[in-house]
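Below: the structure, in structure tokens.
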2 protein chains.
Amino acid sequence: MTTQRARSGRVTIHDLARESGVSVSTVSKALNDNGRMAAETRARIKRIAAEIGFRPNALARGLLSSRSFTIGLLTNDTYGRFTLPVMAGISEALVDHGVSVFLCAIEDDPALGKVHVDAMLDKQVDGIIATGKRIDRSLPVDLAGLPVPVVYAFTAGAPESVTFTADDAQGAALATAWLKKIGRRSLVHITGPEDFVSVGERASAFAREAGGNAPVLYGIWSESWGHRAIADLWSAGGRLPDGIFCGNDQIARGVIDALRERGVRVPDDVSVIGFDNWEILAEQTRPPLTTIDMNLKELGREAGLMVLALAEGRPAEPGLRKLPCKLVVRQSCGGAGTAE
Amino acid sequence: MTTQRARSGRVTIHDLARESGVSVSTVSKALNDNGRMAAETRARIKRIAAEIGFRPNALARGLLSSRSFTIGLLTNDTYGRFTLPVMAGISEALVDHGVSVFLCAIEDDPALGKVHVDAMLDKQVDGIIATGKRIDRSLPVDLAGLPVPVVYAFTAGAPESVTFTADDAQGAALATAWLKKIGRRSLVHITGPEDFVSVGERASAFAREAGGNAPVLYGIWSESWGHRAIADLWSAGGRLPDGIFCGNDQIARGVIDALRERGVRVPDDVSVIGFDNWEILAEQTRPPLTTIDMNLKELGREAGLMVLALAEGRPAEPGLRKLPCKLVVRQSCGGAGTAE
DNA sequence: AATCGATGAGAAAACGTTTTCTCATATTGA
DNA sequence: TCAATATGAGAAAACGTTTTCTCATCGATT
């Protein structure tokens, strides 16, 4: 066999044509199931292609089709707590379609953002997904008017764009309803900074579900705040809660630690429920945390399919799409499903 | 101005040539500072290029140069605790060179790994970086004999490959020396599973630095193990440690929580030092954790520059490169720098 | 036996660059 | 004034595909 490789060291369609004794056009048509040709010829070419390991050069293909089968993912979430599940969902949804994902971590640096966006456009990405840490802040880079479709996930989108986020109100209602179902009657919501839109939505839903005078305590997204909130509540001398809905898992962790230090038993005396289902934290908490999962992977999957649809010219209704959260029952609330 | 855009909607070199009244060859040479031409012509073309926003199509360029200015990053680290800093380093190092990074999360699925590797090769990546969670396990995919250079970071590499990892022994020695410098004399090392190579290296370095009979307790990488180890130590009735070196920050967290529950003060009575500098955990621990940082971002940077060097044909010595760890002083050891 | 349609396969153009080669003109030296 | 050289710029090929067009052959229909 006289396989004379091209300079690049990779098998090209010309090598395959020579090896098969046909022209490159015939090879192309054979492999793509296009054009007319003898079934036997088609099969033979396919067989030889597999034999010599021919794989078409995506650059050449993309040059012609102006589709690169590549999308860009922009994020400013350094720790990847939110981005990573979203990314996993995107990647999972798109790998089946042969699409690869450029990951660009741009922190909060507009200059860096521009560099990355330009690099992606030069590489002819079919679309861009922007992700962040909160739905009420946008990335420090202007993505309006780009020559490719842009989809936003978990970050504020441009007007008339497609944006995905978790349904905070529904998630909060789910958590609150669960506490009530467990039999808790005196509820409190310990959450993050009031200026987060998510915080407001969750607080409203909590109030709606728990009754208007159930207290909401605003603070920061840290264990220490959860800790301090419990100290405040227990020293204030008012009516003590028996069900606590926390704005995230870190706060819940602080709350549970503080309760234990006071000799309050979780879940026997007080039920605690978190938000985020940050597994590595939720599973290590003692007891493991019952919490709300925002289905970020699913969110990523939908965002991925959406940007693909837009790239292929299929139209989509612009606007904010809220995806439902789900409850993950562990042990910090008690009444695990069947009990109660 | 009669800028007639190409079908793709993007400005091409032909548009620019027409606009400038010269040929495409001249434009190309002008922009790349190649060939001979009047300085004035060159400047004019560059000016018009900037005006109409011409950016060369990286696909077309890559087709010709067989350089795509793209690399692939393979990881099986779902939570991104190790991968994310490495990724950040790689990206940071390469963005200056115009190189973008494909992120492929392959879990532990060989089939998925192959799909992603094939997709990357089709897209003509200039090189691949494989990263993982531990240096003594390899990814579930064979990267030997690929037509592009492969660099390994924090995962086991093929023979004769270039591999980067953190210097576990040096990091452990650093931690142990710090405990001694603080004035601790009775040291113990609470760490992860014995079958991790890193665990062995750190334990040896600890023994060397702390004295041969300082105990090493092997367990798992979780808070609960740190908790239980303290329970065991305190109930065993032997000599109690005043300095504890933990195999990771999670164990340290469990250790500190367990000590507090026993009324043992950290750092007054016992100093605790962690490993990993997982900031989101280390900073939230009470007291904040003094720990060893593996410089993963720097590791990523070096891996990025290495794969670039190899892609450009520059030779490199194969073998395992161990990058030094650094000490991050917070409050869990006391004696913060100046004290003692 | 002449024409028609169907079938199989190749030639060539196209995608957007870069690079090599060629050529015309301008400049220099005698 | 003529040749030799330097200079500026364009033509064309190349990269690896896909797609459209053309053409030759063959069997079937009159």
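Checking the Cα-Cα distances for A:LYS123/B:LYS46; A:LYS297/A:LYS326; A:LYS114/B:LYS29; B:LYS180/B:LYS297; A:LYS133/B:LYS297; A:LYS123/B:LYS123 against a 18 Å cut-off, the pairs over it are A:LYS123/B:LYS46; A:LYS114/B:LYS29; B:LYS180/B:LYS297; A:LYS133/B:LYS297. If a/c stays under 1.5 just call it rounded; otherwise compare a/b with b/c (prolate if a/b is bigger, oblate if not). Do that for region A:254-297, with a ≥ b ≥ c from the square roots of the Cα gyration tensor eigenvalues. Prolate.
Derived scalar couplings between HN and Hα for region B:102-107 equal 7, 9, 10, 8, 10, 6 Hz in order, rounded to whole Hz, by the Karplus curve 6.51 cos²θ - 1.76 cosθ + 1.60 (θ = phi - 60°), x for Gly and Pro. Element breakdown for chain B at a 1.4 angstrom probe: carbon and sulfur atoms account for 52% of the accessible area.
Close amide H pairs (under 5 Å, H built 1.01 Å from N) link A:ILE129 with A:GLY72, A:LEU73, A:LEU74, A:VAL151, residues at least 5 positions away or on another chain.
With the convex hull of its Cα atoms as the shape, region B:13-56 has an orientation-averaged projected area of 2.6 nm².
Directionally averaged projected area (region A:1-149, Cα convex hull): 11.6 nm².
Amide H contacts of A:ARG321 (H built 1.01 Å from N, in plane; Pro and chain starts excluded): A:THR163, A:PHE164, A:THR165 sit under 5 Å, all sequence-distant by 5 or more or on other chains.
Summing Lys and Arg as +1 and Asp and Glu as -1 over all other residues whose Cβ lies under 13 Å from the Cβ of B:ILE280 gives a net charge of -3.
By its C-alpha gyration tensor, with a ≥ b ≥ c as the square roots of the eigenvalues, how is region B:168-294 shaped: rounded for a/c under 1.5, else prolate for a/b larger than b/c, else oblate? In terms of gyration-tensor shape, rounded.
Within the assembled protein chains, the solvent-accessible surface assigned to A:LYS114 is about 110 Å², based on a 1.4 Å probe. With all protein chains kept in place, the per residue accessible area of region B:200-254 amounts to 40 square angstrom at a probe of 1.4 angstrom.
Quick one: helix B:249-261 against the long Cα principal axis of chain B, what's the angle to the nearest 10°, folded into 0 to 90? The two axes meet at around 30 degrees. Distances, shortest first, from the label point of B:GLU194 to those at the same position in the other copies read 5.8 nm; the point lies 7 Å along Cα to C-beta. Taking chain A as a Gaussian network, Cα atoms linked when under 10 Å apart, which of A:MET294, A:MET87, A:MET37 shows the biggest mean-square fluctuation? It is A:MET37. On a per residue basis, region A:117-188 carries 32 Å² of accessible surface, using protein heavy atoms and a 1.4 Å probe. Cα centroids of region A:281-340 and region B:260-303: 31 Å apart. Pairing chain A with chain B buries about 4800 Å² of accessible area. This figure sums both sides and uses a 1.4 Å probe. By the gyration tensor of its Cα atoms, with a ≥ b ≥ c the square roots of the eigenvalues, what is the shape of the protein assembly as shown: rounded for a/c under 1.5, prolate for a/b over b/c, or oblate? In terms of gyration-tensor shape, prolate. Computed over neighbours whose Cβ is under 10 Å from that of A:SER68, the net charge equals +3, Lys and Arg +1, Asp and Glu -1.
Sequence-ordered 3J(HN,Hα) estimates for region A:231-237 from the Karplus curve with 6.51, -1.76 and 1.60 and θ = phi - 60° stand at 4, 4, 4, 6, 8, 6, x Hz, glycine and proline given as x. Comparing the full protein assembly with the isolated chain (1.4 Å probe, heavy atoms, ligands and nucleic acids excluded), the residues of region A:114-134 losing at least 30 square angstrom of accessible area are A:HIS116, A:ASP122, A:LYS123, A:GLN124. Direction-averaged projected area, Cα convex hull, chain B: 22.9 nm², rounded to one decimal.
Overall, the protein assembly as shown carries a charge dipole of about 1460 debye about its Cα centre when +1 sits on the Cβ of Lys and Arg and -1 on the Cβ of Asp and Glu, all other atoms neutral. Over the residues of chain A, the helix contribution to mean residue ellipticity at 222 nm works out to -12500 deg cm²/dmol, using -39500 (n - 2.57) for each DSSP H run of at least 4. Rounded to the nearest whole Hz, the Karplus-based 3J(HN,Hα) values (6.51 cos²θ - 1.76 cosθ + 1.60, θ = phi - 60°) of region A:308-319 follow the sequence 5, 4, 4, 4, 8, x, 6, x, 8, 5, x, x, with x at glycine and proline. Could you please state, rounded to a whole Å, how far the C-alpha centre of region A:154-231 is from the C-alpha centre of region B:33-98? One Cα centre to the other: 43 Å. Scanning residues 5 or more positions from B:VAL272 or on other chains, those with amide H under 5 Å from its amide H are B:ILE244, B:CYS333, with H placed 1.01 Å from N in the peptide plane.
The values are calculated or read from the model by the stated rules, or taken from the named source; none is laboratory data. Just so you know, these numbers come straight off a predicted model, no measurement behind them. Because the Cβ atoms are built from the backbone with ideal geometry, glycine has one as well, and the counts that use them run over all protein chains shown. These area figures cover heavy atoms from the full protein model, side chains too; ligands, DNA and RNA do not enter into them. Shrake-Rupley method; radii C 1.70, N 1.55, O 1.52, S 1.80 Å.
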